[in-house]
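Worksheet: one structure, shown below.
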Amino acid sequence: HGPFFSINCAAISPELAESELFGYESGAFTGARGSKKGLLELAEGGSILLNEIGELSPALQSKLLTFLDTRQFTRVGGVKMRSVNARLIAATNQNLEQEVKLSRFRKDLFYRLAVVSIEVPPLRERTEDIALLVPQLLRSLAQQIGTDRVPAVSPDALKALESYRWPGNVRELR
């Protein structure tokens, strides 16, 4: 029932990721004229989605692990511990178990995150979903471009879509 925030860990530079997640205090770095709450603090009582979590730097993985263990953190440049009650959801297209074996992702963080895992198979392994996804995607795209007319897909076109391998998954289908 609380707020929901999402951050794409692959789209934000490692230098900014810590201040985006944990916030910062005035003077923490050049240009930090005031303090700023990070997404974790803003998500108090709600949820935060860390998309592409496998892209986090080792230092940030460590700080995130400490937060998950204690529900506390300090802002960048801060000294005061802050407590936050927020649900953390992590997503990735990487095989984190393999990343752990290759020492590119912390094993202890992996096990803290893997409390409930949901693996979504690639679209090529669930082609029966295409018939459900296509109308939904077309409605969404029609709404985005501002038309009431949603194009229909012929049975032959649907069969062609179902026979394709979809290396780009649902994003490619869209």
Give the residue list of chymotrypsin sites (Phe, Trp or Tyr not before Pro) in region 28-125 that are DSSP loop and have at most 12 other beta-carbon atoms within 10 angstrom.
Phe29
What do you get for GluC sites (Glu not before Pro) in region 67-127 restricted to DSSP loop and a cutoff of at most 14 other Cβ within 10 Å of the site's Cβ?
Glu119
For region 9-99, run through the trypsin sites (Lys or Arg not before Pro) and keep only the ones in DSSP coil with at most 16 other Cβ atoms within 10 Å of their Cβ.
Arg33, Lys37, Arg71, Lys80
Set of aspartates and glutamates near Lys107 by C-alpha distance (under 13 Å), chain-local residues within fewer than 8 positions excluded
Glu97, Glu99
With a length cut of 15 Å (Cα positions projected on each helix's long axis) and a Kyte-Doolittle mean of at least 0.0, go through the chain and give me the DSSP H helices that pass.
58-70, 130-145
Dipole in debye (nearest 20) - region 39-174, about Cα centre, beta carbon charges: Lys, Arg +1; Asp, Glu -1:
480 debye
Based on DSSP H runs of at least 4 residues, each adding -39500 (n - 2.57), what is the mean residue ellipticity at 222 nm of the chain after dividing by all its residues, to the nearest 500 deg cm²/dmol?
-11000 deg cm²/dmol
Tell me, what is a quarter of the convex hull surface for the C-alpha atoms of region 17-126, in nm² with one decimal?
8.2 nm²
Once phi for every residue in region 27-41 is put through the Karplus expression 6.51 cos²θ - 1.76 cosθ + 1.60 (θ = phi - 60°), the whole-Hz ³J(HN,Hα) values, with Gly and Pro written as x, are x, 5, 7, 4, x, 7, 7, x, 8, 9, 6, x, 4, 4, 5
Which whole-number value in Å² is the accessible area per residue of the chain, probe 1.4 Å?
64 Å²
Could you tell me which of Phe67, Phe5, Ile130 has its Cα farthest along the dipole of the chain towards the positive end, charges placed at Cβ (Lys, Arg +1; Asp, Glu -1), taken about the Cα centre?
Phe67
Once phi for every residue in region 104-121 is put through the Karplus expression 6.51 cos²θ - 1.76 cosθ + 1.60 (θ = phi - 60°), the whole-Hz ³J(HN,Hα) values, with Gly and Pro written as x, are 9, 9, 5, 4, 5, 5, 4, 6, 5, 7, 7, 5, 10, 10, 10, 9, 9, x
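The values are calculated or read from the model by the stated rules, or taken from the named source; none is laboratory data. Since the model is a prediction, treat every value here as computed from it, not as a measurement. Note that each Cβ is placed from the backbone with ideal geometry, even for glycine, and that neighbours are counted across all protein chains shown. The accessibility values were calculated without ligands, DNA or RNA, using every heavy atom of the protein model including side chains. Shrake-Rupley method; radii C 1.70, N 1.55, O 1.52, S 1.80 Å.
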